[in-house]
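Take a look at the structure set out below.
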Amino acid sequence: MKYVSHLCCRECSLEYELKPLAACEECWAPLEVIYDYGRLRSSVKPQEIARRAPNMWRYRELLPLAGEPASGLDTGFTPFFRATRLARELGAREVYIKNDSVNHPTLSFKDRVVAVALNKAREFGFTTVGCSSTGNLANAVAAQAAAAGLSAFIFIPADLEREKIISTEVFGAKLVRVDGNYDQVNRLCSEIAMKYPWGIVNVNLRPYYAEGSKTVGYEVAEQLGWRLPQNIIIPMAGGALITKVHKAFEDLKKLGWVEPTPVRFYGAQATGCSPITTAAKQGSSEIVPQKPHTIAKSLAIGNPADGPYAVKAMLGTGGTGEDVSDEEIVAGIRMLAETEGVFTETAGGVTVAVARKLLRSHRLSPDESIVLVITGNGLKTLSAVSDSAHEPAAIRPKLENFEEQYIEQEAAQTTAV
Ligand SMILES: *Cc1c(COP(=O)(O)O)cnc(C)c1O
Ligand SMILES: [Zn+2]
């Protein structure tokens with residue numbers, strides 16, 4: 001029995017049947033997937049969810065498939081843990097990490113949205129899929145299309161990190177490097193979606209694709225013991241993730257699976273691409289597009305489609321947006337690695353650095369619970385930290401050389417203090 005009902009325009013409330021559609025045909029606003037919450041409330045219970053396999057499909061009734069998923073079966077249910085050493089470093093009492101840097105199969109939260117999109121593509125009968133991407137989406141579509149036996153066209157800005165290009169190409173996808181920024185790549189992709197009978201995950205499959213992000217929210221609540229955190233910090237590119245985690249928490253309140261306690265939403269961006277945090281700081285949902293220039297390429301969307309809704313999620317819950325410099329991002333990556341043993345990419349560095357900045361400026365309470373959503377893996381953006389990585393001089397393979405270089409220096413340093 002399925003609980004997904006129809007599509008509804010977020011602005012003019014026009015309704016559509018469940019079909020491939022990028023936006024409202026009347027007003028071009030994003031489309032929202034609507035479920036039958038009444039029926040859901042009476043037939044699905046959290047105790048039953050808890051007994052299911054540890055992947056994102058444990059919430060399948062709240063995802064927009066008509067049938068059972070056939071691919072992406074191991075995606076989701078990533079680690080969630082209390083980060084006591086990071087909390088001490090940040091000067092906060094109760095900090096948790098949601099660690100999507102180890103999501104399956106391509107080590108970012110994008111595996112969730114792609115798992116939903118490609119299953120939906122299969123239900124709609126598409127045999128070719130594609131996407132425009134700032135990197136992680138490219139990896140996820142290429143890998144999951146290979147595993148599902150679908151052809152894939154991946155459109156990326158030509159200046160993407162080499163790690164992300166190689167880890168897309170290896171899956172046999174057709175990689176189209178475009179001499180332009182993400183927003184130009186995305187426009188090209190929209191034109192292609194109109195002309196060819198393909199399922200482009202972030203164009204004509206976008207309403208379904210975006211729903212996959214909700215599972216981050218469901219998992220955080222379940223992993224906290226079916227409770228909501230007091231604060232959550234989420235990195236933003238197009239603004240879909242933060243909007244959908246907000247929707248997920250609202251879903252859980254509607255279903256009565258959690259107490260309806262308030263959650264403040266904080267959105268994080270790099271200063272070099274901060275159209276959403278800039279609007280939030282001005283208390284406006286009017287997004288002024290920017291030309292991105294930052295090492296956080298996975299977040300470098302200058303004209304974010306869900307920007308206004310992201311601002312509403314933040315300001316409507318008493319949260320706010322903040323952005324950080326490239327130096328702060330690298331420091332954030334290192335802080336998380338050194339305190340918790342988690343190596344995240346630039347987007348995770350943004351999240352940690354924004355947490356630090358908000359705490360230092362007393363806009364985030366150090367006595368409340370704070371969840372940091374870590375969305376991608378550090379191995380994909382090695383170049384971001386390689387400049388600041390000091391490679392120690394090699395020693396000769398002799399004990400005395402080791403001691404001279406390391407033990408005696410250390411002893412000298414200790415006595416000097
Ligand atoms: C895409 C992405 C985000 C943000 O996603 P949006 O839904 O577009 O805001 C965050 N972190 C990483 C690593 C990403 O790849
Ligand atoms: Zn509309």
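The values are calculated or read from the model by the stated rules, or taken from the named source; none is laboratory data. Keep in mind that what you see is a predicted model, and the values were worked out from it rather than measured. For neighbour counting, all protein chains shown are included, and Cβ atoms are generated from backbone atoms with ideal geometry for every residue, glycine included.
In segment 219-228 there is no residue matching the filter, namely being farther than 19 Å from residue 78 by Cα, in contact (Cβ under 8 Å) with a residue 12 or more places away in the chain and more than 12 Å from ligand 1 (Cβ to nearest atom). The numbered conditions (1) in contact with a helix residue (DSSP H, G or I) (Cβ under 7 Å, 6 or more places away or on another chain); (2) buried (at least 24 other Cβ atoms within 10 Å of the Cβ) are all true for residue 203 except (2). Among the residues of segment 1-27, the ones that are more than 24 Å from the chain's Cα centre (by Cα) and within 14 Å of ligand 2 (Cβ to nearest atom) come to 11 in all.
Take residue 76 and tell me if it is at positive phi, at pLDDT 95 or above and crowded, with 24+ Cβ neighbours inside 10 Å. In short, yes. Against the test of being over 15 Å from residue 63 (Cβ atoms), more than 16 Å from ligand 2 (Cβ to nearest atom) and surrounded by fewer than 24 Cβ atoms within 10 Å (Cβ to Cβ), the options 241, 228 yield a single qualifying residue, 228. Within the set of pairs 6 or more residues apart or between chains, which connect a residue that is assigned to a loop (DSSP other than H, G, I, E, B) inside segment 98-113 to a residue that is of a type in the set (Val, Ile, Thr) with Cβ atoms less than 7 Å apart? Taking only residues 6 or more apart or on different chains, the pairs are 103/75; 103/78; 104/75; 109/216; 109/375. The condition of being farther than 26 Å from residue 91 by Cβ, of a type in the set (Asp, Glu) and touching a helix residue (DSSP H, G or I) at 6+ places or on another chain (Cβ under 9 Å) holds for only one of 326, 387, that being 387. If you check 311, 324 for being buried (at least 24 other Cβ atoms within 10 Å of the Cβ), at pLDDT 95 or above and within 16 Å of residue 240 (Cα to Cα), only one passes: 311.
The set of residues in segment 232-246 being over 21 Å from residue 292 (Cα atoms) and either in contact (Cβ under 8 Å) with a residue 60 or more places away in the chain or near ligand 1 (Cβ under 6 Å from one of its atoms) (or both) consists of 232, 233, 243, 245, 246. Flag: residue 215 does not match the condition of being within 12 Å of ligand 1 (Cβ to nearest atom) and either part of a helix (DSSP H, G or I) or within 30 Å of residue 62 (Cβ to Cβ) (or both). Of the residues making up segment 28-55, those that are basic (Lys, Arg), surrounded by fewer than 12 Cβ atoms within 10 Å (Cβ to Cβ) and under 24 Å from the mean Cα position of the chain (by Cα) number 0.
Take the residues of segment 363-393 that are at pLDDT below 95 and among the hydrophobic types (A, V, I, L, M, F, W, C): which is nearest to residue 346 (Cα to Cα)? Taking the candidates together, the pick is 384. Annotation: of all residues in segment 276-297 being of a type outside the set (A, V, I, L, M, F, W, C) and within 23 Å of residue 231 (Cβ to Cβ), the one that is surrounded by the most Cβ atoms within 10 Å (Cβ to Cβ) is 277. If we keep just the residues of segment 28-49 that are closer than 29 Å to residue 194 by Cα and of a type in the set (Phe, Trp, Tyr), which is farthest from ligand 2 (Cβ to nearest atom)? Restricting to residues being closer than 29 Å to residue 194 by Cα and of a type in the set (Phe, Trp, Tyr), the top hit is 35. Of the residues in segment 398-417, not one is touching a residue at least 40 places away in the same chain (Cβ under 8 Å) and among the hydroxyl-bearing types (Ser, Thr, Tyr).
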